[in-house]
Amino acid sequence: MEYDERLARFRQGHANPFDRSEVTDAPRNEVRPELFPSDTKTQSSERPMDLGLAEDHFSRPVGSFVASDIEQLKQTIEECKRLILELPEHSERQKDTVVKLIHLRLKLQELKDPEEDEPNLRVLLEHRFSKEKSKSVKQTCDKCSAIIWGLIQTWYTCTGCYYRCHSKCMNLITKPCVRSKVSHQSEYELNICPEIGLDRQDYRCAECRSPISLRGVPSEARQCDYTGQYYCGSCHWNDAAIVPARVIHNWEFEPRKVCRSSLRYLALMISRPVLKLKEVNPLLFNFVEELVEIRKLRQDILLMKPYFLTCKEAMEARLLLQLQDRQHFVENDDMYSLQDLIDISTGRLSCSLTEIHTVFAKHIKLDCERCQAKGFVCELCKEGDILFPFDSHTSVCQECSAVFHRDCYYDNSTTCPRCARLTERKHEPLDP
C-alpha cells in the first residue's frame, strides 16, 4: 500500500517520470534506490547511476556530449534491465521500470545520432525529398530497411515517388526517382513475368547489383512478377501488387509479389490511361461482358459531350466535371487505365458510370429546352418521338451524323435522305 500511494502521488504531481523532486523514500528491501531514488541528496550523489535518471531525458541536448555521458547512460540502462528481471512479473513497478528503460534507450539513440538542423527540401537523383514532421514510428526506411523513429530521428519523403529514408541514409541512395520514369516511359510491361534467368543477371540484384542466389547465400534472390528479374531482400520486400499484363491477357487481378521500384511505378501508373485494349487484346471484349457495357456507356458520353459544350446551363452546372477523376472518358472510348479495369472487375465503375449517364441523358432530354431542340426526327418514317444519337434504339449516319430509328435505317436500301439533300445543294447553280 505504501508503494501504491507513493506511485499515485508521483503520477499526479509529475509529467516527467524522471523528476525526483517530490518522490518519497522507497523501502530498501524491496527495490533498488538507483531507479526509485529518495529525497536524500547525500544518497543520490553517491550513486554512480544518477546521471541517467536525474536528468530530464525528454529535453533536447544542449551543446556537445562527451563519451563519458554515453557510457554512464549505458550503465544506467544495464542496471535498469537487471532490475526489470528481479521485479515481480506484471507488477506496476516492473511496468514503470520498462517505461523508464524505453526512454533511456531513446535518449541514448539521440546522443549517438543527434538531430541536426536539416533543410526542409533536398533534391537527389531526381528525388525531391521533403522533411517530415510526423512522429509516427510505423514507417520503414527504404534504404536500410530499419524502422524510422520519428521521435528522435529526422526523415524525408520524396514528393514524387514517396520514397522514405532516414536523414543519415540519404547520401547512400542509388535509386533514382520513379516519377521520372513515369514521365519519360508511360507504358507497361505487357509480357507476363518476362524472366531472363539469374545467370543472365550475373547472380546479382537487378537494381543494386549485390550478390544473390536461390539458396539464400549471401542473400536470397526474390523474383519480381512484373519485371521478371531477381532482386535482393533490400530491394524486394515481398510487396504484392496487381500486374497489368495478367489483367489484360488473363483478366486476373490476384496481387503478385513485386520489388519496391515496381511497386512504386505501378502505384504511380495505376490511374494513367495508357492501355489500348483494342490493340493489345481485342478478344477480351468477347469474354468480358462488363467491358462491352462500359464501352457503350463511354461512346454515349462522347455523343453527349457536344450538347454540353454548347449549353450554357450545362456549363454553369459543370456536368462534365463529374468525370474529372476519369478525364479520358470525355476524350476517347478506347483508352483504359489499370484502375478502370480493376473497378470494372468489381462492378464499381459500372454503377458510377451508369448513374452519370442517367444524369447526362436527363439534362438533354428532359431538363434543358435548348438541348431538346437539337434532337432529330427520323426522316425515313417521320414518326415517333425526338431522337438523340445516344438512344439505344437509334442508328447514326456515319457521313452526316443524322439519327434514325434503327429498324428504319437498316430496312431502307436507299441512301441517307440528309446526305442526298446535302449533295443536291452542293450541285445546285448559284442564283445570280
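Each reported figure results from applying straightforward, stated rules to the coordinates on display, with no laboratory input. Bear in mind the structure is a predicted one, so any value in this text is a computation, not a measurement. Note: ideal-geometry Cβ built from the backbone for every residue, glycine included; neighbour counts use all protein chains shown.
Please identify every one of the GluC sites (Glu not before Pro) in region 156-248 that sits in a loop by DSSP and has no more than 12 other beta carbons within 10 Å of its own beta carbon.
Within region 156-248, the qualifying GluC sites (Glu not before Pro) (loop, at most 12 other Cβ atoms within 10 Å) are 187.
List the trypsin sites (Lys or Arg not before Pro) within region 351-432 that fall in a DSSP loop (any state other than H, G, I, E or B) and whose Cβ has at most 12 other Cβ atoms within 10 Å.
382
Which of the lysines could be linked to residue 362 by a straight reach, that is with a Cα gap under 23 Å, when you skip same-chain ones fewer than 8 residues away?
Once the sequence-local lysines are set aside, what remains near residue 362 is 296, 305, 312, 374.
Multiply the residue separation of residue 81 and residue 250 by 0.36 nm, subtract the distance between their alpha-carbon atoms, and state the gained length in nm to one decimal.
Extra length available between residue 81 and residue 250 comes to 55.1 nm.
At 0.36 nm per residue, minus the direct Cα-Cα distance, what do residue 426 and residue 377 gain on full extension? Give it in nm, one decimal, please.
15.3 nm
Give the lysines reachable from residue 175 as a straight Cα distance under 21 Å; neighbours fewer than 8 places away on the same chain don't count.
Cross-link targets: 131, 143, 257.
If each of residue 95 and residue 220 carries a label point 7 Å out from its Cα toward its Cβ, how far apart are those two points in nm?
A separation of 3.7 nm, rounded to one decimal place.
Efficiency by 1/(1 + (r/R0)^6): what FRET value for residue 287 and residue 362, r their Cβ-Cβ distance, R0 = 41 Å, to the nearest 0.05?
Numbers: r = 33 Å, r/R0 = 0.80.
Given R0 = 41 Å and the Cβ-Cβ separation, E is 0.80.
Give me the number: length gained by fully extending residue 316 to residue 193, i.e. 0.36 nm times residue separation minus the C-alpha to C-alpha distance, one decimal in nm.
Taking 0.36 nm per residue and subtracting the Cα distance, the gain is 39.4 nm.
Computed FRET efficiency, Cβ-Cβ of residue 331 and residue 106, R0 60 Å: what is it to the nearest 0.05?
Efficiency for this residue pair is about 0.65.
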